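The values are calculated or read from the model by the stated rules, or taken from the named source; none is laboratory data. Every value quoted in this text rests on a predicted model; they were computed, and no experiment measured them. Ideal geometry is used to build each Cβ from the backbone, glycine not excepted, and the neighbour counts take in all protein chains shown. What goes into the accessible areas is simple: the full protein's heavy atoms, side chains included, and nothing from ligands, DNA or RNA. Shrake-Rupley method; radii C 1.70, N 1.55, O 1.52, S 1.80 Å.
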Amino acid sequence: MSGVSNSAKIIGLLHPGEMGAAVGRCLTGRGYQVLWAGQGRSPETAARAKAAGLTDAGTVAALARQAQVIISVCPPHAALDVAWAVHGFGGLYVDANAISPGTAGEVAQMITESGGRYVDGGIIGSPPQRPGTTRLYLSGADAGPVAGLFAGTPLEARVVSGSATAASAVKMAYAGWTKGSAALLLGLRALAREQGVEDVLLAEWEQSLPDLPGRSQGAARSALAKGWRWVAEMEEIAATMAAAGLPDGFHQAAAEIYRRSPRDPHPADGALDRILTALTT
């Protein structure tokens, strides 16, 4: 959609979680009106939206009627439902979720069949607060104008050439290592504990792989806080691998590691013990 960066003054954001609110803040900082749909959302979500300068449209339907662009930032298991909620939207829909190219194609079909336009996206990095930390990969015919929405903000938008769902492929390949290897690390430490050799393994790690003890602690804290979101992400990566003719079993196992992880948005001391106990009982 040519000229989107100049003409689209109203942008819808579904939904302002930690990442979504930070993305929205980048856009309100550029002067765009950014809508969110507060109906049925938690007080914590409302607080994040207010802090980001978002405007409550009330319902998703009301948001879709007013916005020229909708950006979806949600847990991957919800991506199809969020797209269906705006079925009939005739503007530009950006799916920035951690989904497989196959799922992205389903979202694209859902949007374009009802007259909308679709841009594929994938976010790598932490919620954007300062430049240099976070990239938004974009692909599709309208990727360039969408990138222009974020010019000069902490979120660096990068256009990926190739297929319409190339941005999702980048996200899957990247997260397949970062979150997949974290799951593997937790699984191996749980194995060593269950077999009664954890102290021996840690001593060997300290000598030959000295970053792994600390990485396993960090992986445990992340799994407690966000692992519930990563179950579907690992399944999406597995589907991406299978569609490419590659083995999908490891990321299915990674999904199970995160599925067994307790959920704690504010993990404190003892995170690793909690995760390992959950994995081995």
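For Arg158, the conditions (1) assigned to a helix (DSSP H, G or I); (2) closer than 25 Å to Met234 by Cα; (3) open to solvent by 60 Å² or more (accessible area, probe 1.4 Å); (4) of a type in the set (D, E, K, R) are fulfilled apart from (1). Residues of the stretch 226-268 that are of a type in the set (Gly, Ala, Ser) and farther than 16 Å from Leu185 by Cβ: Ala232, Ala238, Ala239, Ala242, Ala243, Ala244, Gly245, Gly249, Ala268. Taking the condition in a helix (DSSP H, G or I), modelled with pLDDT of 95 or more, of a type in the set (S, T, N, Q) and buried (at least 18 other Cβ atoms within 10 Å of the Cβ), does Ser216 pass? So Ser216 passes the test. When Leu191, Leu185 are checked against the criterion of being within 23 Å of Ile275 (Cα to Cα), open to solvent by 20 Å² or more (accessible area, probe 1.4 Å) and part of a helix (DSSP H, G or I), a single residue qualifies: Leu191.
For the stretch 29-36, the criterion of being at pLDDT 95 or above, part of a helix (DSSP H, G or I) and farther than 21 Å from Gly115 by Cα is met by none of the residues. Look at the stretch 241-270: where a residue is more than 30 Å from Thr165 (Cα to Cα) and a partner is open to solvent by 50 Å² or more (accessible area, probe 1.4 Å), sitting 6+ places away or on another chain with Cβ atoms under 6 Å, you get Pro262/Arg274; Arg263/Trp228; Pro267/Arg221.
Filtered by the rule that a residue be among the small types (Gly, Ala, Ser) and open to solvent by less than 40 Å² (accessible area, probe 1.4 Å), the stretch 17-45 gives Gly17, Gly20, Ala21, Ala22, Gly24, Ala37, Gly38.
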